[in-house]
Amino acid sequence: MPNLTPTAQVSIELVDRHYDILIGSGLLDEAAHIACGPASAEALIVTNTTVAPLYAERVQQVLATHHARVRTIALPDGEAHKDWDTLNLIFDKLLGDGFDRKTVLYALGGGVIGDMTGFAAACYMRGVSYVQLPTTLLAQVDSSVGGKTAINHPAGKNMIGAFYQPLKVIADLATLDTLPDREISAGLAEVIKYGPIADDDFLGWIEHNIDALRARDKAALAHAVQRSCEIKAWVVGQDERESGLRAILNFGHTFGHAIEAGLGYGAWLHGEAVGCGMVMAADLSARCGLIDTAYAARIAAVIERAGLPVRGPRLGAARYLELMRIDKKSESGQIRFVLLDAPGKASLHRADDALVAEVIDAHTA
Ligand code: NAD
Ligand code: GLY
């Protein structure tokens, strides 16, 4: 019998509202945890062709005890489908089935489904409610929290989107049982990220527990999800729309997004690209004299132990630089990197192209 009580609850406190993240095993089986909005509202579960056979029917049955009507749409799976055509399938379904503006969308899946469902919710009839039901480690520790929604453009990752907060986030740890090992490693990249940028003790805890995390030890995963969400809540609570502090959550992402766009979306997993990007960003921090090389090496070592690649693809430094200029943090064509100022502390910096090129050459296969 699953334990249906959340093991942890983290609150996101925003200027004009707050919402909760529930963390525990078996939560998707309980309408009291997942159902949101009035009973008279209709619900659309947005999922994909991989997650639907695993969880959609169960969630549909649970939501049917609350909502007047519940339907499901299963989108094609993968980062390569995080685009306009796939987003339009959600609007086609909503309009074709006559969903009104009281509708609640439920994002059941990983970060791709969460980001697209949130964006669809922001746009449909100028905004309907949505709930995040993240089923990957990456989505539970990062993408489902904080209201960033988007699709990709061939020229740049997550370039079209909106800030739009969910009603609630329910992270059911039991869904991680069906996740492939490669996806666990990808999620660990975003867990590791929180240590160097905000909590050096957490980095120490991850180093101690990395094998348990890869082995899916439930207690270790529960702590990793909770601490990650607490740190993200602390950051987003101070800077919801990324006018400053929130940028630190993009540590490693400038290099990582270049890898994803440069190779074609889906060739590397987002978490893999971010992991390798953090190795490069840590090295750049050291080369800028902000941290010592031993700390950069420590970060690279834990990323490697997480089962992530630490050498990037050989696109050439010029191509990396070209791709990195198309980044939401760039200003007037100047790339800005999240660099480490000290263990557990990060901020935005500019860096010489020549130094960045040295880093790329040193870390590409
Ligand atoms: P994903 O959504 O592609 O999911 C990874 C794979 O796992 C997919 O094939 C999916 O179908 C499958 N899957 C999902 N849950 C499963 C389960 N329980 N069992 C078996 N298979 C399962 O990738 P992701 O790593 O979850 O998310 C990456 C995306 O998140 C990227 O597009 C990235 O840009 C975005 N992201 C957004 C934010 C944000 O703040 N909005 C933050 C970080 C990442
Ligand atoms: N994952 C980056 C952010 O939420 O800001």
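The values are calculated or read from the model by the stated rules, or taken from the named source; none is laboratory data. Bear in mind that the values here come from a model prediction, so they are computed numbers and not experimental data. We place every Cβ from the backbone using ideal geometry, glycine too, and count neighbours over all the protein chains shown. Heavy atoms of the whole protein, side chains included, go into the accessibility calculation; ligands, DNA and RNA do not. Shrake-Rupley method; radii C 1.70, N 1.55, O 1.52, S 1.80 Å.
Can you give me the ranges of the helices (runs of 4 or more DSSP H) entirely in segment 245-329 with at least 3 residues that are away from ligand 2 (no atom under 14 Å from the Cβ) and in contact with a Pro (Cβ under 9 Å, 6 or more places away or on another chain)? In segment 245-329, the matching helices (runs of 4 or more DSSP H) lie at 253-263, 270-287, 293-305. Scanning segment 18-61 for residues that are within 25 Å of R227 (Cβ to Cβ) and open to solvent by 80 Å² or more (accessible area, probe 1.4 Å) yields one hit, H18. If you go through segment 316-343 and keep only what is surrounded by fewer than 17 Cβ atoms within 10 Å (Cβ to Cβ) and not charged (D, E, K, R), you end up with G316, A318, L321, S330, S332, G333, Q334, A342.
Taken across segment 235-252, residues that are more than 16 Å from ligand 1 (Cβ to nearest atom) and of a type outside the set (S, T, N, Q) do occur, with at least one present.
Considering T103, T135, T72, the condition of being near ligand 1 (Cβ under 10 Å from one of its atoms) and β-branched (V, I, T) is satisfied by T135 alone.
At least 1 residues being in contact with a Gly (Cβ under 6 Å, 6 or more places away or on another chain) is the threshold, and among the strands (runs of 3 or more DSSP E) wholly inside segment 1-73 those reaching it are 8-13, 42-48. Scanning segment 306-357 for residues that are farther than 17 Å from G275 by Cβ and β-branched (V, I, T) gives I326, I335, V356. Scanning segment 323-347 for residues that are modelled with pLDDT of 95 or more and over 23 Å from the mean Cα position of the chain (by Cα) yields D341, A342.
Within the option set R227, R214, being at pLDDT 95 or above and in contact with a Ser or Thr (Cβ under 9 Å, 6 or more places away or on another chain) holds for one residue only, R214.
Residue check: is Q165 open to solvent by 10 Å² or more (accessible area, probe 1.4 Å), on the phi < 0 side of the Ramachandran plot, in contact (Cβ under 8 Å) with a residue 12 or more places away in the chain and part of a loop (DSSP other than H, G, I, E, B)?
Answer is yes for this residue.
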